[in-house]
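Read through the structure below, which is laid out as structure tokens, and then see the notes.
The values are calculated or read from the model by the stated rules, or taken from the named source; none is laboratory data. Just so it is clear, the model here is predicted, and its values are computed rather than measured. Methodologically, a virtual Cβ is constructed for each residue, glycine included, from the backbone with ideal geometry; neighbour enumeration extends over all protein chains shown. Ligands, DNA and RNA are excluded from the accessible area calculation, which covers all protein heavy atoms including side chains. Shrake-Rupley method; radii C 1.70, N 1.55, O 1.52, S 1.80 Å.
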Amino acid sequence: MNSKVVLVIRIIFGLFILTFGANKFYEFLPPFEGLSEAAAGYFGGLASAKVLYLVGAVEVLSGLSLLFNKYNALMMVILMSVSVNAVLFHATLDPGNIAPALGLLILNIVMLYVNKEKYSDILKG
């Protein structure tokens, strides 16, 4: 992939993740409208158990990793669990707001692909 394209994707993805991660701590973005009762209950459970702070910390660290271009390969593997869970949450409980979660997953997969040579040793088996 072209290095300038990768740079632009890395910066956009880093800012995207950093913004949503920081929002878990400071709540400066408006909440999603029209959550179903099941989605609101699940999200409320995550919030009351303080799981969202862990997710926010992973997102903030991943965003900073991308912006500073340090430990990207490691953080993309860790962030993949957040990406998949976000898509599954929205696909099953809140399909109307799935677009940001799909964007997160697609950009995460792109960054995994960009770093594929760094995973060669662990994938040899």
Original post:
Where in the chain are the DSSP H helices whose alpha-carbon span along the long axis reaches 24 Å or more and whose Kyte-Doolittle mean is at least 0.5?
Top reply: 3-26, 51-68, 72-93
Original post:
Working out 0.36 nm times the residue gap between V51 and I106, then minus their Cα-Cα distance, what length gain in nm do you get to one decimal?
Top reply: 17.5 nm
Original post:
Given a 1.4 Å probe, how much area per residue of the chain is accessible, in Å²?
Top reply: 63
Subject >> Rounded accessible area of Y53 (nearest 10 Å², 1.4 Å probe) >> reply: 100
Subject >> Listed residue (S120, A22, A49) projecting farthest to the positive dipole end of the chain, Cβ model >> reply: S120
Original post:
Picking from N85, N72, N108, which is most flexible by a Gaussian network model of the chain using Cα springs under 10 Å?
Top reply: N85
Original post:
Given a Förster distance of 25 angstrom, what is the FRET efficiency for S81 paired with A22, based on the Cβ-Cβ distance and rounded to 0.05?
Top reply: 0.80
**OP:** Please list D121, D94 in order of solvent-accessible area, largest first, computed with a 1.4 Å probe with all protein chains present.
**Re:** D121, D94
**OP:** Compute the separation of the alpha-carbon centres of the range 101-125 and the range 12-26 and state it in Å as a whole number.
**Re:** 20
Original post:
How do the peptides 11-18, 112-119 rank, highest first, by the average count of neighbouring beta carbon atoms within 10 Å per residue?
Top reply: 11-18, 112-119
Subject >> Apportionment of accessible area to carbon and sulfur, the range 51-125, percent (1.4 Å) >> reply: 73
Original post:
What residue among A38, I78, S3 has its Cα farthest toward the positive end of the dipole of the chain, where the charges are +1 on Lys, Arg and -1 on Asp, Glu, each on the Cβ?
Top reply: S3
Subject >> Charged-residue dipole, Cβ positions (Lys, Arg, Asp, Glu), the chain about Cα centre, Debye nearest 20 >> reply: 540
Original post:
What translational D, rounded to a whole number of µm²/s, comes out for the chain from Stokes-Einstein when the hydrodynamic radius is the Kirkwood one over Cα pairs, at 4 °C and 1.567 mPa s?
Top reply: 85
